[in-house]
1. Apply the a/c threshold of 1.5 to the C-alpha gyration tensor of region 3-59 and tell me whether it is rounded, prolate or oblate.
2. Run the simple label-point estimate for Asp193 and Arg136 please: 7 Å along Cα→C-beta, distance reported in nm.
3. Can you run phi through the Karplus equation (6.51, -1.76, 1.60; θ = phi - 60°) for region 92-103 and list ³J(HN,Hα) in whole Hz, with x for Gly and Pro?
4. When a/c is below 1.5 the answer is rounded, else prolate if a/b is larger than b/c, else oblate, so apply that to the chain with a ≥ b ≥ c taken from the square roots of the Cα gyration tensor eigenvalues.
5. Cα atoms only: what Rg and Dmax, in Å, come out for region 201-262?
6. Considering only the other residues whose Cβ falls under 12 Å of the Cβ of Phe155, what net charge follows from Lys and Arg at +1 and Asp and Glu at -1?
7. Taking 0.36 nm per residue of separation and subtracting the Cα-Cα distance, what length does fully extending Arg228 through Asp248 add?
8. Counting Lys and Arg as +1 and Asp and Glu as -1, what is the net charge of the other residues whose Cβ lies under 14 Å from the Cβ of Val115?
Amino acid sequence: MSRHHLDGPLYYDALGPAGAPPMLFIHPNPMDGSSWIYQMAHFSTWFRCLAVDLPGYGRSPRSVPGLTMEDLADACWDVLDRESTEPAVLVGCSIGSHIAQFMYHRRPDGTRAIVLCGAGWRPTKTFPARRIAEYRAYGLGYRYDYTLQDFAPAFRDEPIARWFAQLFVERNATSDLDSIIRTFEAVEPPDPDWLQHDLRAPVLILSGSEDPTGAAAPALQARLPDARLVVLEGAGHACYIEQPGRFDAEMSEFLRARGAVG
């Protein structure tokens, strides 16, 4: 019988000292946990850094029909439970940012702080239906072009952008299209009011100025009780890949101000 509508536990990479405070990274579509390579290398100085693959993304198991955001949140907490009992810093991009918010509500006392990027609030979500249609039309190979769409136009032609896109599609042979589609189906319903209004952990929102989602970032900030918004000029949706130095500096300052990093 599946747990959390998954065929098994999520795959994750770990870096940093065992016993250090935990930090969990949750990737956007269409990427996987390896997209956090810069932050894993940097923050493992102070944290036990864990980067998950969401269901169907190459190294994680498939999902089954009925997958919900609560399932994804609980599966991510299962990863943390394998490594630590301490409160965690949750870091997410795009759908990862949604999962991080649901994770807080599953375990408020287990959440130390939250960092979101590629994130905004929209009362009606139109992107899931569009992405589902594109995946059904083009299959897993669509992940290459989709990855480049997550970057600012000026960054898309950089060799490193295409290196990342190729990295993700090289895992298509063990990925699962239906599971990826189910993540979009899970995130499609409107956010319940409590998702942001009752989220009491400190939140940092990092938004790329070239990210179409960025227009909805101020609305997200306004719905959260304790949130700071920083715009990274020239960056796109996956700003943590495009501008890791600036992203990490803002994240470090945010965590240091809360006594979470030395």
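1. Working: a/c = 2.97, a/b = 1.60, b/c = 1.86.
Judged from the Cα gyration tensor, region 3-59 comes out oblate (a/c at least 1.5, b/c at or above a/b).
2. Here the modelled spin labels are 3.4 nm apart.
3. x, 10, 6, 4, x, 5, 5, 4, 4, 5, 5, 4
4. Values: a/c = 1.24, a/b = 1.13, b/c = 1.10.
It comes out rounded by the Cα gyration axes.
5. My reading of the Cα-based Rg and Dmax gives 11.7, 34 Å.
6. Working: positive: Arg156, Arg162; negative: Asp150, Asp157, Glu158, Glu210, Asp211, Glu242.
Residues near Phe155 contribute -4 overall.
7. Details: separation 20, 0.36 × 20 = 7.20 nm, distance 1.50 nm.
Roughly 5.7 nm would be gained on extension.
8. On the way: positive: Arg112, Arg228, Arg246, Arg256, Arg258; negative: Asp226, Asp248, Glu250, Glu253.
Result for the neighbourhood of Val115: +1.
Readers should treat all values here as calculations from the given coordinates under stated rules, not as data from a laboratory. If you're wondering where the values come from, they're calculated on a predicted model, not measured in any experiment. As a convention, Cβ positions derive from the backbone with ideal geometry for all residues, glycine included, and neighbour counts pool all protein chains shown.
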